[in-house]
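Everything below concerns the one structure shown next.
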Amino acid sequence: MTIMIDTGNYIAAKAAVMAKPDVVAAYPITPQTTLVEGIANYVGTGEFKGEYICVESEHSAMSACIGASAAGSRTFTGTSSHGLLLMHEMLHWAALARLPVVMCNINRVIGPGWNIWTDENDSISQRDTGWIQFYCSSNQEIFDTIIQAFRLAEHKNVSLPVMVSYNAFILSHTSMPVEIPKQQVIDDFLGKYEPLWKLDVDNPITFGNIIGPAGYYKVRRAMQDAQENAEKLIPQIAKEWKQKSGYYHGDLLELYKCDDAEYILLAMGAIGAESKVAIDEMQKKGVKIGLARVRTFRPFPKEEIVKLSRQADLIVIDRNISVGSEGALFSEVKAALYDKSDAKVYGFIAGLGGKDVPYYDVEIICKKAIDGKTKGYEWYGLEEA
Amino acid sequence: MHHFHFGAWEGTIVSSESLVEICLHGRGGQGAVTAANLLVAAALKDGNKGVQAFPFFGAERRGAPVRAFARVSDGEIHLRSEVYTPDIVIVLDESIMRVVDVLKGLKNGGKILINTRKKPDDFDFSKKFKVATVDATGIAIKHGILVGGMPVVNTPILGSVPRVLDKVTLQSIQGAIKNKWAGRLAEINVKATKDAYDSTEVNF
């Protein structure tokens with residue numbers, strides 16, 4: 001074990017290389033650039049022994065990953081914002097083909113207006129592609145989640161691609177200390193990728209051929225089953241990694257000081273870390289409030305959230321907006337509770353366009369909810385923007 | 001479920017007694033971000049379990065005023081927001097002070113370390129804040145720490161950091177430099193930090 005102080009992107013590059021993918025195909029985009037530069041550097045030092053394919057666009061990056069994964073290779077890529085959007089068609093393809101590609105997405109604003117800062121609309125808008133989605137809140141969690149992502153994606157009961165998202169700059173360009181386990185620990189944890197099927201010239205098969213309505217219907221159902229299997233496997237894998245590495249960041253949710261809480265705040269990504277400071281401050285003031293940081297948006301932690309709602313009213317912060325509706329996490333939380341709980345749910349939009357959300361803003365958001373001064377959902381901090 | 005009231009926010013970060021927040025001001029290309037990274041690498045060596053270093057998130061231009069930030073704490077740091085109320089301000093380029101309010105947000109009783117030939121009492125804010133000065137530019141020239149003929153001040157000024165932050169030792173600063181560079185480059189930078197440490201003047 002060694003401690004490495006580095007930015008989220010360089011930590012992600014380290015994790016990706018230590019997972020020993022056979023193929024990485026990527027195209028640079030701010031703020032993901034240093035992730036692919038980091039991997040390129042490991043090609044130079046000889047630490048990355050796989051194939052690194054420089055492609056001409058993100059659509060090609062995902063296409064190359066699909067081809068490589070279909071040929072039985074462990075496959076990794078990374079992107080951000082418009083790069084992710086350009087992949088959109090191939091994201092569906094990778095998931096429907098049940099290929100366990102692992103990808104980092106650095107959450108960055110979508111233009112116009114042109115903006116390189118963070119919000120989560122890029123990955124939230126890929127919600128229905130079938131990808132498993134993780135959201136990280138620290139560099140250690142980025143490292144550990146990438147390793148766990150390969151294990152989950154390649155599990156025979158899942159066989160789906162996994163997206164590991166983390167916030168632009170706030171994590172991608174911030175240096176923090178990360179414990180790096182020995183290579184052997186990761187090798188033992190991941191094992192060798194054994195595909196259920198692969199494109200093989202010696203044993204020809206066809207894949208992606210025409211399929212009738214009844215057959216296709218089953219394909220969709222099988223994806224849903226795989227996501228439900230992932231829901232059960234994520235906690236197991238997280239706990240097994242804790243045994244091997246000592247690090248645990250929660251299951252589908254990370255619960256922080258939720259015992260006796262009458263209010264529970266739900267947030268994702270870096271706001272989920274900053275909110276811990278807000279929870280500490282509010283508890284000092286006697287407020288019975290805890291935090292449930294949402295690690296996976298797909299599969300969505302429905303049952304865990306219903307359980308929390310039996311104990312507390314819920315306050316939801318979204319760093320995204322489903323325009324014409326409301327924050328995506330807010331919608332999902334309410335849908336999970338339907339007919340199962342009568343807890344109140346308060347929604348807030350915050351931090352779009354990379355607007356900073358310091359802990360004292362999180363406190364004010366919680367106070368508004370607890371004082372009952374909000375109806376439906378609210379845009380926090382819009383007037384100062 | 002009860003209602004509660006918040007005290008007015010007084011602009012002080014109180015989440016951790018041991019947390020120190022640092023803001024570095026420099027010009028694009030002067031290595032403020034590298035300085036922040038070396039500083040926290042040293043702080044980690046000195047047993048501070050929580051450290052963070054990050055640039056101001058924006059487009060950078062060579063020569064334009066830039067900022068970088070560092071946090072040092074005994075425990076894990078959950079903060080992900082920008083540093084608005086630093087405990088310590090470090091100024092790599094004195095001329096920045098004509099265009100940037102480097103004292104903005106500096107906590108009452110906070111410290112400011114400036115690369116200058118002046119003395120702490122030459123600054124009119126020396127009565128309000130703890131001021132440390134060091135001629136990092138002169139030290140860089142003396143040791144031949146130059147890139148394209150221009151003196152590089154980001155490593156020399158790190159030698160003065162233990163004089164304003166007791167969580168970090170000169171030995172660890174030098175260790176962080178030796179981890180990053182090798183041979184003569186490491187040697188001259190290490191010597192420069194010792195010079196800076198010895199020649200730093202403080203008004204506290």
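Per-structure values
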{"quantity": "Solvent exposure ordering (accessible area, 1.4 Å, most first) of A:Cys54, B:Cys23", "calculated": "A:Cys54, B:Cys23"}
{"quantity": "Residue-level accessible surface for B:Val190, protein heavy atoms, 1.4 Å, Å²", "calculated": "30 Å²"}
{"quantity": "Where labels lie 7 Å past Cα in the beta-carbon direction, separation of B:Ile141 and B:Val99 in nm", "calculated": "2.2 nm"}
{"quantity": "Nearest-10 value in Å² for the accessible area of B:Asp195, using the 1.4 Å probe", "calculated": "40 Å²"}
{"quantity": "Zone residues, region A:95-124, relative to B:Arg61, backbone N less than 20 Å from point 7 Å out along Cα-to-Cβ", "calculated": "A:114-117"}
{"quantity": "Alpha-carbon gyration tensor eigenvalues x 5, square-rooted, for region A:2-245, Å", "calculated": "26, 21, 18"}
{"quantity": "Charge dipole (region B:20-202, unit charges on Cβ, about Cα centre) - positive-most of B:Thr116, B:Ser81, B:Ala32", "calculated": "B:Ala32"}
{"quantity": "Rounded FRET efficiency, nearest 0.05, which uses the C-beta distance separating B:Lys178 from A:Tyr217 and R0 of 60 Å", "calculated": "0.40"}
{"quantity": "Accessible heavy-atom area order of B:Val147, B:Val202, B:Val164, A:Val201, highest first, probe of 1.4 Å", "calculated": "A:Val201, B:Val147, B:Val202, B:Val164"}
{"quantity": "A:Asp260 accessible area, 1.4 Å probe, all protein chains in place, Å² to nearest 10", "calculated": "130 Å²"}
{"quantity": "Test item: Cα-centred dipole of the protein assembly as shown, Lys/Arg +1 and Asp/Glu -1 on Cβ, debye", "calculated": "660 debye"}
{"quantity": "Probe 1.4 Å, all protein chains present, accessible-area order of A:Trp241, A:Trp93, A:Trp197, largest first", "calculated": "A:Trp93, A:Trp197, A:Trp241"}
{"quantity": "Extension gain, A:Met4 back to A:Lys257 (0.36 nm per residue minus Cα-Cα distance, nm)", "calculated": "88.2 nm"}
{"quantity": "Per residue, in Å², the accessible surface of region A:2-245 once ligands and nucleic acids are set aside, probe 1.4 Å", "calculated": "40 Å²"}
{"quantity": "For region B:103-204, alpha-carbon Rg relative to the globular expectation (2.2 N^0.38 Å, N residues)", "calculated": "1.10"}
{"quantity": "If the convex hull is drawn through the Cα atoms of region A:84-210, its volume per residue in Å³", "calculated": "133 Å³"}
{"quantity": "Listed residues A:Leu171, A:Leu196, A:Leu337, most fluctuating in chain A (Gaussian network, C-alpha, under 10 Å)", "calculated": "A:Leu196"}
{"quantity": "Per residue solvent-accessible surface (Å²) - region B:20-202, probe of 1.4 Å", "calculated": "43 Å²"}
{"quantity": "Average partner coverage of A:272-282, which counts Cβ from other chains inside 10 Å", "calculated": "4"}
{"quantity": "Share of carbon and sulfur in the accessible heavy-atom surface of chain A [1.4 Å probe, %]", "calculated": "53 percent"}
{"quantity": "10 Å Cβ shell holding at most 11 others, DSSP loop, GluC sites (Glu not before Pro): longest site-free stretch of chain A", "calculated": "A:57-382"}
{"quantity": "Total accessible surface hidden between B and A, rounded to 100 Å², 1.4 Å probe", "calculated": "3000 Å²"}
{"quantity": "Table column - 3J(HN,Hα) (Hz), region B:141-151, Karplus curve with 6.51, -1.76, 1.60, x for Gly and Pro", "calculated": "5, 4, 8, x, 8, 10, 10, x, x, 9, x"}
{"quantity": "Cα-Cα pairs of region B:20-202 separated by more than 28 Å (percent)", "calculated": "16 percent"}
{"quantity": "FRET efficiency estimate (nearest 0.05) - Cβ-Cβ, A:Ile205 to B:Gln171, R0 56 angstrom", "calculated": "0.35"}
{"quantity": "Zero-based 5 Å bins, Cα pair distances in region A:48-94, whole percents", "calculated": "5, 23, 33, 24, 11, 4"}
{"quantity": "The protein assembly as shown - Rg (one decimal) and Dmax (whole number), Cα, Å", "calculated": "25.0, 84"}
{"quantity": "Sparsely packed trypsin sites (Lys or Arg not before Pro) within region A:120-185, loop by DSSP, other Cβ within 10 Å at most 14", "calculated": "A:Lys156, A:Lys182"}
{"quantity": "Cα convex hull of region A:253-379, projected area averaged across orientations, nm²", "calculated": "7.1 nm²"}
{"quantity": "Span-rule helices in chain B, defined as complete DSSP H runs reaching 15 Å or more along the axis (Cα) with Kyte mean at least 0.0", "calculated": "B:32-45"}
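The values are calculated or read from the model by the stated rules, or taken from the named source; none is laboratory data. Only a predicted model underlies this, so the values are computations on that prediction, with no experimental measurement involved. Don't worry about glycine lacking a Cβ; one is built from the backbone with ideal geometry, like all the others, and counts go over all protein chains shown. Side chains are part of the model used for accessible areas, which takes the heavy atoms of the whole protein and leaves out ligands, DNA and RNA. Shrake-Rupley method; radii C 1.70, N 1.55, O 1.52, S 1.80 Å.
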